[in-house]
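Following: one structure in structure tokens, then a few remarks.
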Amino acid sequence: MKYFKLISVFILAFLFGAVFTTFPTVSHACKCVEPQSVEKELESSEAVFSGKIIDIRTEKNSRKILFEVEETWKGVSQTQIFLKDERSSCSLDFFKGESYLVYAYDFQDELTTNICDRTKELSGAGEDLAALGKGTMPTEEADLKNQLRNPVVRYSYIWLPLVSLLIVAAILIRKRPGN
């Protein structure tokens, strides 16, 4: 009976920790109107650049994508830049190591893009590149890689339930008859 209580407490502690570290994802329906011309997209975008993805960090229902900027047409002067992507049906499939032509806009003080913009893999952006003409090289050196590293937050779904279990076990051991 004593072990049954102990096992029950461990299971409850684990479930308690899991509930507080698991979050639902948000989904949105996506509907795009007719795509804008390159000129109009350039005009309405906050930033337009081409770059290679050097890292992606996923957290909850969004991704933080780090680009090494190769060429810029608007709004970007640094050699590296972040793009935030809310995971939804409007999200693009971004892959580490691939290069993209990005038309980004400002959303809650961060740059973002979606499938309704003209953002695409650089290999399929010939028409856009011809219309945009020659861009410029970024002028400010930046190294943003360290801003993506936060293993404590990234693995909180593992360590929080384990810490909860250890605390409960310590309490139960102290309350054992005979101690």
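Readers should treat all values here as calculations from the given coordinates under stated rules, not as data from a laboratory. All values derive from a computational prediction rather than experimental measurement. Note that each Cβ is placed from the backbone with ideal geometry, even for glycine, and that neighbours are counted across all protein chains shown.
What to note about this one:
- The ranking of R63, R174 by Cβ neighbour count inside 10 Å, starting from the fewest, reads R174, R63.
- Exposure proxy shown here: for L122, L83, the number of other Cβ atoms within 10 Å sets the order, fewest to most, as L122, L83.
- Ordering S164, S37, S88 by the number of other Cβ atoms within 10 Å of each residue's own Cβ, fewest first, gives S37, S88, S164.
- Stokes-Einstein D (µm²/s) once Rh is taken as the Kirkwood radius of the stretch 38-148 over alpha-carbon pairs, at 4 °C in 1.567 mPa s: 93 µm²/s
- Over 23 Å (Cα to Cα) - which of K52/K74; K96/K134; K52/K145; K31/K74; K31/K120; K40/K145 fall in this group: K96/K134; K31/K74; K40/K145
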